[in-house]
1. Taking only complete DSSP H runs, can you tell me which helices of chain A stretch 30 Å or more along their own long axis by Cα positions and average at least 1.0 on the Kyte-Doolittle scale?
2. What does the highest-first list of A:179-186, A:36-43 look like by mean Cβ count within 10 Å?
3. How shielded is A:178-190 by partner chains, expressed as the average number of their Cβ atoms within 10 Å of its Cβ atoms?
4. Please compute the average number of Cβ atoms from other chains found within 10 Å of each residue's Cβ in peptide B:105-113.
5. How many partner chain Cβ atoms sit within 10 Å of a residue's Cβ in peptide B:150-156, on average, as a whole number?
6. Run the numbers on chain B and let me know its relative contact order in percent, using alpha-carbon pairs under 8 Å that are six or more apart.
7. Might you report the magnitude of the Cβ-based charge dipole of region A:31-310 about its Cα centre, with Lys and Arg at +1 and Asp and Glu at -1, to the nearest 20 debye?
8. Output the peptides B:15-23, B:134-142 sorted from most to least packed, where packing is the average of other Cβ atoms within 10 Å over each peptide's residues.
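Read the figures in this text as sums done on the coordinates, not as results from a lab. The shown structure was predicted, so the numbers you read here are calculated from the model rather than taken from an experiment. Glycine gets a Cβ as well: all are built from the backbone with ideal geometry, and neighbour counts include every protein chain shown.
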Amino acid sequence: MDSARVIYKRPFSLGMLFLFLILLATMPLYVQPYFIILLNTVFMYIIITLSWAIFSGPTRYISLASAAFFGVGAYVSAVIGQVLSLPLFIATGGLVSFILALFIGLLTLRLKGIYFIIFTFGVSELIRHFILWWEAKFAGTVGRWVVAVDHTTVYYVMLIIFILALLTAYHIRRSKFGLALRSIGEHEEAAAHIGISVTILKTITFAISAFFMGATGAIMATRWTYIDPGIAFNPLFSFMPVLMAIFGGIGQLYGPILGATILTLLEEVLITEFPYYYMLLFGIILIAVILFLPNGLVGLIEKLGKRGNKG
Amino acid sequence: MRILEGERVAKYFGGLAAVYNVDFDINQGEIVGLIGPNGAGKTTLFNLISGALPTTAGEIRYKNRKITSLKPNKICKRGIARTFQLLKLFGKMTVFENVLLGSLFGKSEDINESDAKRDSLELLEFVGLSEVRATPAKELTLANQKRLEVARGLATKPELFLLDELMAGLNPTEVAQAMELVIMIRDRGITIFMIEHVMKAIMSVCDRIMVLDHGVKIAEGTPEEITTNKKVIEVYLGE
C-alpha cells in the first residue's frame, strides 16, 4: 500500500521539482540583485549541508571538516583563479578537496564516535593554521585577492553545483551503496561481515561530499573577492551544516535543503532586525527545535502527513 | 575434504591468552560444535576466523588458502558467513533490506539487483520471515531476530557458516525450531561451525564437537565421546 502511494506520488513531485528548477533558473531575470546575493548565500549553505548529509547522514559519522574542504576550494580559486577559466578552477577546487578528503578519510575513518568528530575538527583547524603560517612565511601575505565574478554568474554556478549535488545525493541514496552506508551507520562490524568494504566505501563517499564543498568554496571566494584563512576556514562552515541538517532532518533528501534554507533566511532576518540579539535568538530557536523536533522538520512534516491521511 | 583448518592459532589480549595454540579442522558438509565454559575463548576463535580480530600467532586456512590477516569483508567474499552472539542487525532497516544487503555485497559481487531481491525473498521464505519482511528489524521478537541474522548470513552465499549461540535465550519450542533450521541449512550444502550452550541441541545436531577451556582445546570427538570424556566432565561439573 505504502509503495503504491509513493509510486503514484513520484511523477507529481518530479514535475514540481522541474517547475521549481525553471523558476530558480530564470530568477535573475526578474528579482532584485539583493535577492540574488541572498540566494547565493542560501545556496552555499544548502550545498554544504546537502553534501555533508551525503556522508554523515547515513553513516552517522559526524564530520566537522566541512570548513577544511570549503576553505581549500576557496584557496584554489584564489591561487589559480586568474590563470584558469571559471568552470575549470571551480572543478579544480572540488577536485583538490576530493583528494584531500580521500587522504583525511584514510587517516581518520578508522576512528569512531566522538574521536572522529574531534579529529575532523582538529584537521580543519590544522589546515587553517598551516595555510596561515605558509602564507606569512613564503608568500609574505595575510590574505589573497580573488578574481571577481558578477553575482548572476555566481548564482548560476551555485545552481549547477546544487543540481549536481542533489542528483548525486539522490543516486547514492537509491543505490545499493546508499543502503550499505546506512548499514554502516547501524552496525559497522556487521556491515563488514556481510562483504561491504566499509573503509573504501566510507572514504569515497566522504571524498564525494568534499568535492561539492570545495567547488562551493571556489565559487564563493570569487564573491568575497578577498579571502584569508580566517574567512575561508571559518569554523562556522563546519558547525552550520550539522545544525542545518539536524534542523531540517536527515531522514529525507529535502531535509538538509529545507533546514539550510530556513536557517540562512532566519539568520538574515535576525541579523538585520535584531543585530544585538541575533545570536541569542538564533540559539534559542535551535534549542527549541532540537528539543521538540528530534527528527527535524522532516519528522514534523511526516507526522502531519500521516495525520492528514488518517483524517 | 577439509574446508577450514587452523594451525596453532593464538590470540593474546595483553598478557592473557584468550585462544592458545588451537589446532582445528572442519570438513565440508559437517556440523561441528564448539563448546566450553564462559570465557573459554569460543567467540574469540570465531572472531579470528571471520577476521573481526587479527590473530597473534598461527595460521587459518580456508580451502587451503591462508585467510589470517584478511579483513572481514574479504573473508565474507571467500565464502565464510557468521552470526553474532549479541545480535548486530541493522535495526532501523526493514527485515528485507537486512537480507538484501547480504545478497548485494556477499560472495557474488556482480549480482544484479533483481536477482538479489529474488534471492532475499527466497531466503526470508526459507527462515520463515516472509510475513514480517517490511517490519524494521528491531521490532522483531528475539527468535525472529536470530532467524534474520541467519538469513542475512545465508544471503552472502557462504559455504561455511559460523553460528554464535544461535539458541541462547530461546524457549524450548524455539530451540527445537532453531535446531531444525540448522539441519536445513546443512542440507543446502553449507558447512556449519557452531558455538552453543544448549547441550541438548548441540549433542543431537552435531557430527563432531570441540571443547575449549581457558583458550586451550581440551577435547574433540563425536557427541558420545564428549559426554563421556573425563576432562570435559571436570571442566563442566568441577572435580
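1. Once both thresholds are applied, what remains is A:2-30, A:33-59, A:86-108, A:113-134, A:151-174, A:198-224.
2. Working: A:179-186: 22.6, A:36-43: 18.5.
Ranked from most to least packed, the peptides come out as A:179-186, A:36-43.
3. Whole-number average of other-chain Cβ neighbours for A:178-190 is 5.
4. On the way: counts 12, 4, 2, 1, 2, 0, 1, 0, 2.
Averaged over the peptide's residues, the number is 3.
5. Details: counts 0, 0, 4, 3, 0, 2, 3.
Per residue, the number of nearby Cβ atoms from other chains is 2 on average.
6. Working: 475 pairs, mean separation 62.4, N = 239.
With pairs under 8 Å counted, the relative contact order is 26 percent.
7. On the way: 16 positive and 11 negative charges, 160 e Å.
Roughly 760 debye, rounded to the nearest 20.
8. Working: B:15-23: 17.2, B:134-142: 15.2.
Peptide ranking by packing, descending: B:15-23, B:134-142.
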